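The next block holds one structure in the form of structure tokens; read it before the comments.
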Number of protein chains: 2
Amino acid sequence: MTARLQRELKKKHVFDSPQQVALIALLRTADRAQIELVRLFRDYGLTTSQYNILRILRGEAAPLPILEIASRTITVVPGITGLVVRLENAGLVLRTRCKADRRVVFISLTAKAAAVLKRLDAPLDKAHQRIMQRLPEADLKQLIAWLERIRCSLADPDDFETTADP
Amino acid sequence: MTARLQRELKKKHVFDSPQQVALIALLRTADRAQIELVRLFRDYGLTTSQYNILRILRGEAAPLPILEIASRTITVVPGITGLVVRLENAGLVLRTRCKADRRVVFISLTAKAAAVLKRLDAPLDKAHQRIMQRLPEADLKQLIAWLERIRCSLADPDDFETTADP
DNA sequence: GGCCATTAGTTGATGCGTAAACTAATTGAC
DNA sequence: GTCAATTAGTTTACGCATCAACTAATGGCC
């Protein structure tokens with residue numbers, strides 16, 4: 001990470017703008033939440049990236065070309081290869097060369113992976129609830145809207161199916 | 001991460017709880033913001049982690065033991081060594097063995113690093129402003145409070161000097 | 001039908017995060 | 001004073017992100 005923005009905060013520069021404080025709070029909070037999830041996934045032998053891939057495959061319920069998977073994650077293309085190899089070694093996915101176009105590699109879930117995902121569903125949902133427990137739903141809605149607003153000021157073009165309030 | 005939570009969102013599971021949506025929005029937004037910062041730092045030959053270390057050193061205006069630096073970042077101890085080595089190779093910090101306790105290694109900024117940091121100040125502030133430009137200051141204040149509220153539900157014990165509203 | 005550009009995917013190198021095991025200096029108990 | 005426990009820091013090993021450079025199959029153009 002995630003690289004991380006941290007606790008230089010500790011001694012607070014007098015000149016910090018509200019924008020800076022908010023940004024650092026955002027990065028720190030996300031970082032911590034990530035850590036919770038990382039731990040949860042690790043208990044099931046997965047990393048976050050691996051989970052995301054499995055999740056995409058489950059959502060599709062059909063084999064997907066490897067680059068299609070990459071395009072749905074933020075993972076830059078080359079990273080996906082090793083990721084999938086490790087998943088394959090763990091018996092969680094299968095790789096199949098496409099007959100029609102021998103360049104493409106299809107990835108599919110194994111039963112083992114489906115089982116792991118299923119076991120993970122409830123604990124993961126509980127984690128979501130726990131992390132957000134202190135915000136009532138009305139606030140959550142507003143928070144989501146603001147976060148989306150922030151993303152509007154950011155680079156990536158293809159992320160704009162509006163999640164929140166019209 | 002940074003590892004990342006992503007666009008499984010694309011096809012929206014009907015069962016998504018508001019908590020889940022909010023969490024994913026949080027992670028995604030932070031991720032994007034990070035990317036902006038990473039790019040900025042890279043233009044100056046730094047990574048985010050490296051910048052954070054330099055920033056801590058500047059804040060202290062005095063040499064710090066390497067583990068003290070590690071403790072102020074989220075960087076887990078062993079990571080700090082290589083990080084500092086690379087900074088040293090880049091001529092940005094100096095390592096000095098402490099005479100009194102020969103176990104400890106003091107790290108100090110070079111003039112070169114001070115110059116880089118100084119050049120970075122304005123662009124970085126501009127980036128903060130830009131990223132948060134769509135939220136008026138009142139909303140920012142509320143956002144900061146909520147983020148802090150979320151962090152209260154999260155693990156790390158030593159992060160609780162309240163940044164926001166009393 | 002042969003060549004060139006495109007597309008799918010991999011490889012290799014560097015930096016970071018994390019965990020476990022290690023060295024070396026210091027402190028404390030006696 | 002000496003030996004055990006603690007503390008500061010490094011090494012090693014693995015996974016991921018990212019970039020640049022690569023291979024291999026396909027498609028289009030003539």
Handout entry: Residue in segment B:61-84 that is farthest from the other protein chains (Cβ to nearest Cβ), counting only those that are of a type in the set (A, V, I, L, M) and near DNA strand C (Cβ under 8 Å from one of its atoms)
Key = B:VAL77
Problem - Test: residue in segment B:24-44 that is surrounded by 15 or more Cβ atoms within 10 Å (Cβ to Cβ), of a type in the set (Lys, Arg), in contact (Cβ under 8 Å) with a residue 12 or more places away in the chain and within 20 Å of B:ARG130 (Cα to Cα) - result: yes
Handout entry: Some residue of segment B:116-128 being away from chain A (no Cβ under 14 Å), surrounded by 13 or more Cβ atoms within 10 Å (Cβ to Cβ) and hydrophobic (A, V, I, L, M, F, W, C)
Key = yes
Completion exercise
Note on A:ILE107: of the conditions (1) at the interface with chain B (Cβ under 7 Å from one of its Cβ atoms); (2) at pLDDT 95 or above, unmet is (1)
Practice task
Among what's in segment B:115-144 and is in contact with a helix residue (DSSP H, G or I) (Cβ under 7 Å, 6 or more places away or on another chain) and touching a residue at least 40 places away in the same chain (Cβ under 8 Å), pick the residue that is farthest from DNA strand D (Cβ to nearest atom).
Solution key: B:LEU117
Problem - Condition check for B:ARG7: facing another protein chain (nearest Cβ under 7 Å), within 28 Å of A:LEU54 (Cα to Cα), at pLDDT below 95 and within 12 Å of DNA strand D (Cβ to nearest atom) - result: no
Problem - Matching residues in segment A:89-103 - criterion: being assigned to a strand (DSSP E or B) and either within 30 Å of B:ARG32 (Cβ to Cβ) or within 9 Å of DNA strand C (Cβ to nearest atom) (or both) - result: A:VAL93, A:ARG95, A:ARG97
Practice task
Please indicate, with yes or no, whether at least one residue in segment B:45-60 is farther than 28 Å from A:TRP146 by Cβ and either in contact with a Cys (Cβ under 9 Å, 6 or more places away or on another chain) or charged (D, E, K, R) (or both).
Solution key: yes
Handout entry: Condition broken by A:PHE106, with the remaining ones in (1) within 16 Å of DNA strand C (Cβ to nearest atom); (2) among the hydrophobic types (A, V, I, L, M, F, W, C); (3) in a helix (DSSP H, G or I) satisfied
Key = (3)
Exercise for the section: Looking only at segment B:26-46, decide whether some residue is touching a Phe, Trp or Tyr at 6+ places or on another chain (Cβ under 7 Å) and not charged (D, E, K, R). Expected result: yes
Problem - Filter result for B:LYS99 (away from every other protein chain (no Cβ under 14 Å) and at pLDDT 95 or above) - result: no
Completion exercise
Of the residues in segment B:56-88, those that are assigned to a helix (DSSP H, G or I), within 13 Å of DNA strand D (Cβ to nearest atom) and not β-branched (Val, Ile, Thr) come to B:LEU67, B:GLU68, B:ALA70, B:SER71, B:ARG72, B:PRO78, B:GLY79, B:GLY82, B:LEU83, B:ARG86, B:LEU87, B:GLU88
Practice task
Test A:ARG86 against the criterion of being more than 29 Å from B:ARG32 (Cα to Cα) and out of contact with any Cys (no Cβ under 7 Å at 6 or more places or on another chain), and give yes or no.
Solution key: no
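The values are calculated or read from the model by the stated rules, or taken from the named source; none is laboratory data. In this text the structure is predicted, and so the values were computed from the model without any measurement. With ideal geometry, Cβ positions are generated from the backbone for all residues, glycine too; neighbour counts draw on all protein chains shown.
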